[in-house]
Amino acid sequence: MSEWLESAIARGQENQDWLAPKRAQALDVLANTQWPTRKTEAWRYTPLRAVERSSAKALDSVSGLTPVAIPNVSAIELVFVNGQFDALQSTKALPMGLTVQLGQDLSADQQAEALRSFSNIKPERHLFGLVNDALAKDVLLVTVIEGIKIAEPLRISSLLSAGAESHTRVLVRLEKGAQLAVIEDVQSQGDSLSTAFVEYDVAAEASLEHYRFALQTGSNLTIGGSHFQLSDKSKMHSTIVGFGSELSRLDTDIIHAGEFADAKLNAMYLLDGNELFDLHATVEHAMPNGTTEENVRGIVADRARAVFNGRIHIHRDAQKTLAELNNRNLLMSNKAEINTKPELEIYADDVRCAHGATIAEIDKQALYYLETRGISKSKAQVMLNFGFINELIDLMPNEALAEWVRPIIRERFAQMEVK
């Protein structure tokens, strides 16, 4: 076991609050868990040396950190600063039908009920999810009551100052027929380490629109997850946009726990320098008549490394399932690296499933042609690459968010060179 994990376990044992039973379960598993190495399949291409040598530590909430503004998006703000919930920056006047509660402020009966839901959707196999169970303090519970449609998106922002360690946790529950859009966003100033996990319990006929922007770069270490449980006739549409950093790892799990559930997942990552981005996506079809459409695209430049593991598991009773997984990647350098592993595991016999992965290089002749016509190299790269990613941006349900992220991605392209 690493010194870092030993320290995390010791700190978790000090947390004696309403979540103590769940923390104890997580600590018991962690105490018997080996620190991942290159022989650990889930971490085979993502070394954790950066975590072991990290000097980030828990810091008090500091003033001056505010979420990046998103033009033309009026959101309900929930803000964490260095792992602590910031009530002053968070929206106080909530729309009817939406409740946001700190776990520590619940009554004893409410805490007992919340304990039954907490950490049941996120699978136990996620090492840093267990660390988050042990160390997260200000846990938020978000509920949309039955039949209510929340017009404004809910934005969950985690802000970190330089050198800070942060562990944030949110449980979002949509009751029957409810509708909600959620934006997850982590912003770091440098040399930080964060785990940020959100669980979504989507009841029958409810609809969730989800976004996760993992745009932190540089020396930041970010490990997190978004985990979804879908009930009968529920729907979810998730979009993930990721840049690389010294270590950026995201796990997403979609569990079809009801019939006729529909899931769409679109993810895109753009990496440069020596950055690393690791996306693990697992879909569990446990009930019949479910549909999943998963599209993942990446562009990797310089010496950067991308990891994608996409697994779709069709259980024996999940007849009439329709599931598709497509991962397409573009290399802009001979030294860039992409490790992709799409998986289908099927135990039902009446299903329609497909998966595929491609890795290609940028067309250098087309790049040269544009340069000879007076177009700068950076602009030519944007012209050749942007359409590859823009197809997924066009599928984002929130047009204002799409218009906000497009110039950010264009700027990212301009910084990435063909080598």
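The values are calculated or read from the model by the stated rules, or taken from the named source; none is laboratory data. Everything quoted here is computed from the prediction, not taken from an experiment. Every residue, glycine among them, receives a Cβ derived from its backbone with ideal geometry; neighbour counts consider all protein chains shown. Ligands, DNA and RNA are excluded from the accessible area calculation, which covers all protein heavy atoms including side chains. Shrake-Rupley method; radii C 1.70, N 1.55, O 1.52, S 1.80 Å.
For residue 193, the residues whose amide H sits under 5 Å from its own are 164, 165, 166, 221, ignoring neighbours fewer than 5 places away on the same chain, with H placed 1.01 Å from N. Counting Lys +1, Arg +1, Asp -1, Glu -1, what net charge surrounds residue 174 among other residues with beta carbon under 10 Å of its beta carbon? Net local charge, residue 174 excluded: -2. Against the empirical 2.2 N^0.38 Å (N residues), the stretch 268-353 has a Cα radius of gyration ratio of 1.29. Of the DSSP H helices in the chain, those that are both long (alpha-carbon extent of 20 Å or more along the helix axis) and hydrophobic (Kyte-Doolittle mean at least -0.5) are 377-393, 399-415. Taking a straight line from the alpha carbon of residue 39, these lysines sit under 22 Å away, with near neighbours fewer than eight places off in the same chain left out: 341.
Helical runs assigned H by DSSP (4 residues or longer) give the chain a calculated mean residue ellipticity at 222 nm of -6500 deg cm²/dmol, each run adding -39500 (n - 2.57) before division by the residue total. Heavy atoms of the protein chains alone define the surface here; on that basis the chain has 42 Å² accessible area per residue at 1.4 Å probe size. Inter-part distance, the stretch 75-153 to the stretch 298-363, computed on C-alpha centroids, equals 32 Å. Each Lys or Arg adds one and each Asp or Glu subtracts one; over the other residues with Cβ under 14 Å from the Cβ of residue 290, this totals -3.
How much of the accessible area of the stretch 275-419, probe 1.4 Å, is carbon plus sulfur, in whole percent? Answer for the stretch 275-419 is 47 percent, counting heavy atoms of protein chains only. Show log10 I(q)/I(0) for the stretch 298-407 at q = 0.09, 0.18 Å⁻¹, two decimals, from a solvent-free Debye sum over equal Cα scatterers. Summing over Cα pairs of the stretch 298-407 leads to -0.37, -1.02. With only Cα atoms counted, the stretch 54-145 has Rg and Dmax values of 15.4, 43 Å.
Each listed q (0.10, 0.21 Å⁻¹) maps to a log10 I(q)/I(0) for the stretch 1-129, found by the Debye formula over equal Cα scatterers with no solvent: -0.49, -1.33. Close amide H contacts of residue 249 (hydrogens built in the peptide plane, cut-off under 5 Å, sequence separation of 5 or more or a different chain): 222, 223, 224, 278. Relative contact order for the stretch 88-214: 25 percent, from Cα pairs under 8 Å spaced at least 6 residues apart, divided by residue count. Contact order for the stretch 175-244, expressed relative to its length and based on alpha carbon pairs under 8 Å spaced 6+ residues apart, stands at 40 percent.
What the Cα atoms of the stretch 146-284 give is an Rg and a Dmax of 15.4, 47 Å. Normalised size of the chain, defined as Cα radius of gyration per 2.2 N^0.38 Å with N residues, equals 0.96.
Where Lys and Arg each count +1 and Asp and Glu each count -1, what net charge lies around residue 243 among other residues with Cβ under 9 Å from its Cβ? Net charge around residue 243: -1. Taking the inverse of the mean reciprocal distance over all distinct Cα pairs, the Kirkwood hydrodynamic radius of the stretch 174-218 comes to 12.5 Å. Per-residue accessible area (protein heavy atoms, 1.4 Å probe) orders 269, 368 as 368, 269, starting from the largest. For the stretch 34-105, the carbon plus sulfur part of the accessible surface works out to 51%, probe radius 1.4 Å.
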